[in-house]
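A quick write-up on the structure given underneath.
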Amino acid sequence: ESYACIKHLLSGRWLHLENKEHYVRKNFDPKAKGLAGLQWDSAELYKLMTSKHRGDYDSFTLQEVSEDLLDRFNYVAGIVPVLSDHITHIQEGVGMVGLSQKQSTRVRDTLVELRRWLITDDERDSKNQQKLLRNLRVIELLAEILKSGNLPEVKQSQAEICRECYNVFKRYLEGDSRKNENYLAHFIEFFQTQMRKGLNAEEVLVEIVQDNLTIVSKM
């Protein structure tokens, strides 16, 4: 570890922490009632700003990241464009009527590979990989893809993709992590709209609430 003042190259401004102002995550209100206000991480977050003046008190810790962790990050980051592109096709109506078999297979195979990659023999590695799905907002992308499952007509290829999204969620919940369960609990109401549609929503809902009194009390 080392400490340093960090300067933005183009603007010439310095990274600055103003009065330790807390940062509130986007699309999350801790004061909201029910599952919407369920907190999944108790870590304190602070809002970073920039200043034209360098302050010696604005020293930040730099930590070296191993090549292994970097490879894991790059793997998940590489999946994001595949999912985002598929969401664009769905929103434009292409995914429902004109998405080629090759494109559908690509998305489905990507999800199958992600599911198999998530869990390893090392519990710590598995948790780090599950964490990447939160940090890179892959969970939100999968939920967005699943919205297509509520359309009046869903192609078989798209239904298979939706099932794989739920299979990834099941893997994400393996390991009895309360943080993972609480994070995914924000989508419970949406998942309930997809019950009895053959998409495996029921299995994921059971895994989320099983033995988690915090979630049950918020419902």
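No value in this document is a laboratory result; all are computed from the given coordinates. Since this is a predicted model, take the numbers as computed values, not measurements. Heads up, the Cβs are rebuilt from the backbone with ideal geometry, glycines too, and the neighbour counts pull from every protein chain shown.
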Subject >> Estimated dipole of the chain in Debye, rounded to 20 [Cβ of Lys and Arg +1, of Asp and Glu -1, Cα centre] >> reply: 700 debye
Original post:
Once both labels are modelled 7 Å past Cα along the beta-carbon direction, what's the D68-S2 spacing in nm?
Top reply: 2.4 nm
Subject >> Long-range HN-HN contacts of T50 with modeled amide H, under 5 Å >> reply: H16
Subject >> Cut-off under 5 Å, modelled amide H: who pairs with R13 long-range >> reply: H8
**OP:** Determine the relative contact order of the chain: mean sequence separation of Cα pairs under 8 Å and six or more apart, normalised by residue count, in whole percent.
**Re:** 21 percent
Original post:
Cα-Cα over 29 Å: which of K102/K147; K7/K127; K52/K179; K47/K179; K20/K147?
Top reply: K7/K127; K52/K179; K20/K147
Subject >> Furthest towards positive pole of dipole, Q129, Y57, S100, structure part the stretch 51-140, Cβ charges >> reply: S100
**OP:** For the chain, build the convex hull from the C-alpha positions and give me its volume per residue in Å³.
**Re:** 168 Å³
**OP:** As a check on your grasp of the helix formula, calculate [θ] at 222 nm for the chain: sum -39500 (n - 2.57) over DSSP H runs of n ≥ 4, divide by the residue count, round to the nearest 500.
**Re:** -15500 deg cm²/dmol
Subject >> Positive-pole candidate from F169, I90, I119, dipole of the chain, charges at beta carbon >> reply: I90
